Amino acid sequence: MGPLLMPNLRVCLQHFLPVLSRRNVLNLSHKNVSQCFKVGGVNTFCTKNINNHAVDKRKAFKSRDFAIKERPVFPKSVFAAGTARRTAELMKKKAGFSDTDEPSDYSRKRHAAEIPDRPLTSSEWKRMKEGSERPDRFVLRMMEGMLSASADINIAKSLLAYVAVDTGTVPYELLLRYLTLCVNDGHWDEMYDVYDIMKSRFRSLDTGAYSLLVKGFSKTERWKETLVLLENINKIITPSPRNYANAIAAAMKHGSSATGWTLYNQLLEKGISPNQDTWRYLFEGGVSDHKYDDELLSILQHMRDNQIYPDELLANTIRKWFESRPDQKWIGGISIVNPSGVCRSCGSELESIQLTDEDYADLKDSVMKNVIKGIDVFKKTTPEELENFKGFVSKRPPFDVVIDGLNVANTLSRGNESETLLAVVSEFSQQGLSILVLGRKHMLYSTRSWNRHHMKQIQQKAHCFFTENISEDDPFLLYATLHSGNHCNFVSRDLMRDHKACLPDGRTKRLFFKWQRGHQLVLSSFIPGKMVRFQRIQSYDTIIQTNTKSWHIPYDAVGVERCTYEVPEKWLCLTTSN
Amino acid sequence: MRFVKSLLNELRPHCHSLLPRLNVNKRYLPALECSGSSLNPFQTPVRSLCTSWPKWKDAPQPKDLESEKLDLDIWKSVMRSQVAHEETPRDSDDDGALGETGVMSKDSPLGATRELVEMWQQAGKRVPENITDEQLEIVAEHSTKSAKKKYLKFLAIKEGYKKGNKEKQEKKRIERLSEREETSKEEDDESSSKLRNSFLLPFWQRSFDKLLGWQSAQAMRFGQPLVFDMSYELQMTPRERENTISQLLESEGSNRRSVEPFHLHFCNLNPEGAYHKELLKRYSTETWENLMITASPQRPIDMFSHDQLVYLTADSPNVLRTFDHNKVYIIGALVDRSNLPGVSLANAKRLKLATARLPLDEHLRWECGAKNLTLDQMFRILWTVKQTGSWVEALKFVPQRKHAGSPAKKDSNDYKGAERRPTVPQKKFISKQQHSRGAVEGKTPLESPIATLLKTKIAVRSDTHKARKNWWEQD
């Protein structure tokens, strides 16, 4: 820690001493002025004092910011699960937002407070209704309040009794709320009654009611009726994955694997993407009944093909299922993978992150066609510029590293931009790599942040291409990197999500993501003149994989919020001794 | 007496007498009455629910309010016996109706959708009360549940507005009616004052329209062109297209009614395209043909010289600091609810045109929202800056929710640059403006009839300018 702290200190002093001294002078003058005016009883200058405090605070944040940036020696990759979330929280803290003040639904809460604690008689309800703000919505609001407070069902019943006696009927909307209460709290007999009444009283039910009933019936002995209900939903609308999950859960729990699998196939036919609960129920069913093992393995294959990661619950179930497979002796364990791509639990090597030649060619074509040209070449560039760039790239030898100039230059929130860029470029040129720096033309205008000498040095050390100021530079970056071949990396903090979104289908998107994880260098720590360090590029692919003797399944651990552009770090390692 | 009567008859269509209008209103009355009864011809016969149900009499009614016993399941018996109650009369006469609905829900693909909509309505979701077959088809076309819900909510909100407006109009109509009755009573009382004492001729709406027409005609010959580029129809959803046309209509209307209007061009207008169809639908064909604008399928670069054109787009790197009266500004006629960044800039690049954006950052402290504006806002800003030369005036049309006033007002520490800027071009600009006015009035050698016409027009204009200075506020 010692050697790390020392440069740190020097940087702080270097950067802040002049600023600090200047600020102090300012502060003093302000204070004098305010004191002069305070005699006259003018209070407006108080705000200035507060401002001073704010400045001090900001300074404090800045210095802390430095400390945070350099503490971890190998910071987590931007693609590791939970990084984005953590960064966001850090930024929030820095900006002074606290996590506690989350918006709450005041109206619901207020109504929850109004709810009586015992069943009321009709007259009592009537009195309450007359005393309420909006008598026309009173009944519904009460019922909603009971839902959110999960109140005793007898109170709800007494409300219904009041409504029935008072108006002679119970409206559908209210019945629906009551049904929700029954299903949420598990009053199955009540649910049967409500269902019967609804069925006889109304010609058809709405989708929400059907969904509730599917959920409710799936947990009871009358689970077979969920199939009828599902069919009813099917007539109106495509059922949701959750509807199917409930129905499949019911079938599997009651030992009817065949029904469960029929439902699952139906779901796939409709093109609905099954949720993790569905798979969990299927695997749970598979623990006791091993007739459908091939289908379960095909689910794992499906998850691999679509780069889906199971959550922790599902991963545990999968492990249980593997371990329960007869005469195969599978042993499961939780594991992490070494940076070199070796599983720490079983010692086997994981798949490489490098693309096959065929995939690489596909990706290259697709990026050229969809990302750079797109529907309209003019959106991101012009045809002339694109031709120029193609010529530029083809005339030069393949690059080893391509730098997104503007992105790298803005790594530090303050400091000279060209200096930062020069430092990074020098770092690579010392390693004897062939470099391409991409930028925009305004970088050559010689302004305060773009020093002419720095730019000259950069141009000596690297090949440079400057696009028009209104063109985008990221597509060129992608093109140059892909064109130079599989060994070429690129430097940028940008996650390229907008460019990934331009790709036409899931397969190329996944290819792009895989390639990106294997080729993107992200600046992790940077101290001007001292240290340039990059995040480590993963050497293995994070995806469900198998060979004859083992399965490796990356999964989402509980409590880690993973974004779509991140991959999990925990693995389920399954090996067989057979 | 007879002479007086005939005179009255002669005068009636020409003066502000109240009688003819009263007649008109009476004629409309029956139509309004029947519109209420035939609300929804498509509604399938659904059993009437809670609202119209008679009070339940057979259920055990609580007799003593104080000592009433809680029967928690009473509602079940109420509902169940209702079903029995209902089914007996329905059996006899409902065969036809039930059969009909049964056939409908099976045969027509819309039946299921209609049922869905009805059930959602009962479940308390935001769904319009009346829905046409055309709208139902659109609902059925939406593939997901959320898309259906969104569209239905949109329809429900629209219906709500329509209803509110209708109620308002009805209220106004009744008020007017009663007012008129009072005045006519007064007139009856003093029958001698039937002839109004008005020595000034009333200024008719028709004459006003004529004047505006002349104004537009003049703009079409001498006015500064303003181009709407209509080439984006394929990049938008149907609803966005409708919004675009609404905004264009509004721009055209305010142009027509303003002093010294622009000469509007709708360029790139495909005669078979969706824009053209929608325009014809909104203006009638006749009005569209007679509209004082230039609509053409040609591109702007075919109609004007290349260096005259400036494409206004929010994505441009250049700032429009001064409004040039010799340039032709192009506005892309597109509404991008979905994100379409850089579409108009791409178009300008393709045509190699000069581009510019409004000096929003220079004059306003932007707070939220994208820096794209609606077409009518764009038009009003351009017109105002043309007339007054002041960006401060013009940028008042930027919605206030998007910014926090001009930076000049606030403490100048942060905005020194922005503060300095606006004053310089403003001054330059006013002088320019005065020059151009002088040119119109004095220097231009005009042929005599047009010159006289112009003079009268200018006289009138100064009047109307005073009277209708803020016409947009009236709207």
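The values are calculated or read from the model by the stated rules, or taken from the named source; none is laboratory data. Since the structure is predicted, the reported quantities are computational estimates derived from the model, not experimental observations. Positions of Cβ are backbone-derived with ideal geometry, glycine not excepted, and every protein chain shown enters the neighbour counts. Keep in mind that these areas ignore ligands, DNA and RNA; they rest on the heavy atoms of the full protein, side chains included. Shrake-Rupley method; radii C 1.70, N 1.55, O 1.52, S 1.80 Å.
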Distance in Å, no decimals, from the C-alpha centre of region B:368-394 to the one of region A:131-203 is 54
Checked region A:241-319 with the C-alpha gyration tensor, a ≥ b ≥ c its square-rooted eigenvalues, rounded below a/c of 1.5, otherwise prolate if a/b is larger than b/c and oblate if not; verdict rounded
Ordered by number, the residues of region A:358-387 that have at least 10 Å² less accessible area in the complete protein assembly than on their own chain alone (1.4 Å probe) are A:ASP376, A:PHE378, A:LYS379, A:THR382, A:GLU384
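With a cap of 15 neighbouring Cβ atoms within 10 Å, and only residues DSSP puts in a loop, list the chymotrypsin sites (Phe, Trp or Tyr not before Pro) found in region A:383-477.
Values: sites: A:PHE389, A:PHE392, A:PHE399, A:PHE428, A:TYR445, A:TRP450, A:PHE465, A:PHE466, A:PHE476; in loops: A:PHE399, A:TYR445, A:TRP450.
Qualifying residues, ordered by number: A:TYR445.
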Expressed in nanometres to one decimal, the distance between label points 7 Å along Cα→Cβ at B:LYS150 and B:THR183 is 5.0
Spelling it out for A:SER524: with amide H atoms placed in the peptide plane at 1.01 Å from N, the residues 5 or more places away or on another chain with amide H under 5 Å from its amide H are A:ARG533, A:PHE534, A:GLN535
Listed by chain and number, the residues whose amide H is under 5 Å from that of B:ALA354, excluding neighbours fewer than 5 places away on the same chain and using placed H, are B:TYR311
Under Stokes-Einstein, region A:421-506 at 10 °C and 1.306 mPa s, with its Kirkwood radius over C-alpha pairs, diffuses with a coefficient in µm²/s of 111
Between the modelled labels at A:LEU313 and A:THR548 (7 Å from Cα along Cα→Cβ) the distance in nm is 3.8
Given backbone amide H placed at 1.01 Å from N, residues whose amide H is under 5 Å from that of B:LEU226, ignoring those fewer than 5 places away on the same chain, are B:HIS263, B:LEU264, B:HIS265
Sorted on mean Cβ neighbours within 10 Å (highest first), peptides A:253-260, A:334-341 come out as A:253-260, A:334-341
Mean other chain Cβ within 10 Å across A:203-211 is 5
Applied in sequence order to region B:354-369, the curve 6.51 cos²θ - 1.76 cosθ + 1.60 (Karplus, θ = phi - 60°) yields integer Hz couplings, x standing for Gly and Pro, of 5, 10, 7, 10, 5, x, 5, 5, 6, 10, 10, 8, 6, 10, 9, x
With a 1.4 angstrom probe the carbon and sulfur portion of accessible area for region A:282-379, in percent, totals 49
Calc'd 3J(HN,Hα), region A:166-176, phi into Karplus 6.51 cos²θ - 1.76 cosθ + 1.60 (θ = phi - 60°), Hz, glycine/Pro = x, comes to 6, 9, x, 7, 10, x, 4, 4, 5, 4, 4
Rounded to the nearest 100 Å², the accessible area hidden between B and A, summed over both chains at a 1.4 Å probe radius, is 4100
Given a Förster distance of 35 Å, the FRET efficiency implied by the Cβ-Cβ spacing of B:SER296 and B:GLU134, rounded to the nearest 0.05, works out to 0.65
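Rounded to the nearest whole Å², what accessible area per residue is found for region B:263-380 with the 1.4 Å probe?
On the way: 5390 Å² over 118 residues.
Accessible area per residue: 46 Å².
What is the Å³ per residue value for the convex hull set by the Cα atoms of region B:226-321? Write down the numbers at each step before the final one.
Working: hull volume 12.1 nm³, N = 96.
About 126 Å³ per residue, rounded to a whole number.
For A:THR564 and A:LYS320, what is the calculated FRET efficiency with R₀ set at 22 Å and r taken between the beta-carbons, to the nearest 0.05? Let's see the in-between values first.
On the way: r = 28 Å, r/R0 = 1.28.
Efficiency for this residue pair is about 0.20.
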In whole Hz, the Karplus estimates of ³J(HN,Hα) for region A:373-389 (6.51, -1.76, 1.60; θ = phi - 60°; x where Gly or Pro) are 7, x, 6, 9, 4, 6, 5, 10, 7, 10, x, 4, 4, 5, 5, 3, 5
Mean other chain Cβ within 10 Å across B:340-347 is 4
Flagged as over-length at 25 Å C-alpha distance, from A:LYS157/A:LYS235; A:LYS219/B:LYS76; A:LYS373/A:LYS441; A:LYS219/B:LYS153, the pairs are A:LYS157/A:LYS235; A:LYS219/B:LYS153
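Counting partner chain Cβ atoms within 10 Å of every residue's Cβ in A:150-161, what's the average? Intermediate values should be presented prior to the final figure.
Details: counts 0, 0, 0, 1, 2, 1, 1, 7, 5, 2, 7, 10.
So the per-residue partner count for this stretch is 3.
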The simple spin-label model distance between B:TYR283 and B:PHE208, using points 7 Å out along Cα→Cβ, in nm, is 2.0
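How high is the FRET efficiency from B:LYS168 to A:SER148, r the C-beta distance, R0 35 Å, rounded to 0.05?
It comes to 0.40.
How big is D for region A:500-574, in µm² s⁻¹ as a whole number, if Stokes-Einstein is applied with the Kirkwood radius of its Cα pairs at 37 °C and 0.692 mPa s? Walk me through the numbers on the way to the answer.
Numbers: Rh = 15.0 Å.
Value of D from the Cα-based Kirkwood radius: 219 µm²/s.
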